[in-house]
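Below: the structure, in C-alpha cells.
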Amino acid sequence: MKSRIVQIGNSRGIRLPKVLLEEAQLYDEVELQAEPGRIVIRQGKRPRTGWAAAARKMREQDEDRLLDPTTPTRFEEKAWKETGNGVRHNNQYSLDIDPRFLLIL
C-alpha cells in the first residue's frame, strides 16, 4: 500500500487506514524505530509484561532467594512486649491482623 507523507501541524506524517491498523493489531501505543530507508512500527510493550511468568519460573527453579543475607537492625534487636496486636516468642513474631486492612497487590 502506498501513502504520501503530509504536513501535520509543524511535523510531517502519514495517515494509516483503520483497516491496516486492525490487521496489524496496533491499537493505542506503538514503538517507532528508524532504519535506513524505512520506519518500523511495533506494538508498544506494556511495563512489567512477563514479570509474573518470570517470577513463577524462578520459584519453580528455586532461584527466588535473597542474594545477600539479611542484616538485623536495632528495631529487631529490641525486646518486644505483648500488645493487643502481636507477640514475640523465640525471635518469631505473630500478629493479629484485621483482614479488612490487608492490601492485595
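The values are calculated or read from the model by the stated rules, or taken from the named source; none is laboratory data. Note that the structure is predicted; figures quoted are calculated from it, not measured. Please note: Cβ atoms are built from the backbone with ideal geometry, for glycine as well, and neighbour counts cover all protein chains shown.
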May I ask you to verify whether V30 is modelled with pLDDT of 90 or more, among the β-branched types (V, I, T) and surrounded by 10 or more Cβ atoms within 10 Å (Cβ to Cβ)?
yes
Pairing a residue in the range 20-31 that is touching a residue at least 12 places away in the same chain (Cβ under 8 Å) and of a type outside the set (A, V, I, L, M) with any residue that is in a strand (DSSP E or B) and surrounded by 10 or more Cβ atoms within 10 Å (Cβ to Cβ), where Cβ atoms lie under 7 Å and the two sit 6 or more apart in sequence or on different chains, gives Q25/Q43; E31/R42
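Yes/no per residue for (1) modelled with pLDDT under 85; (2) touching a Ser or Thr at 6+ places or on another chain (Cβ under 9 Å); (3) in a loop (DSSP other than H, G, I, E, B):
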{"site": "A34", "(1), (2), (3)": "no, no, no"}
{"site": "T71", "(1), (2), (3)": "yes, no, yes"}
{"site": "F75", "(1), (2), (3)": "yes, no, no"}
{"site": "V87", "(1), (2), (3)": "yes, yes, no"}
Can you tell me which of K2, K57 is on the phi < 0 side of the Ramachandran plot and assigned to a helix (DSSP H, G or I)?
K57
Identify all residues within the range 16-27 that are surrounded by 10 or more Cβ atoms within 10 Å (Cβ to Cβ) and farther than 20 Å from K45 by Cβ; write none if there are none.
P17, L20
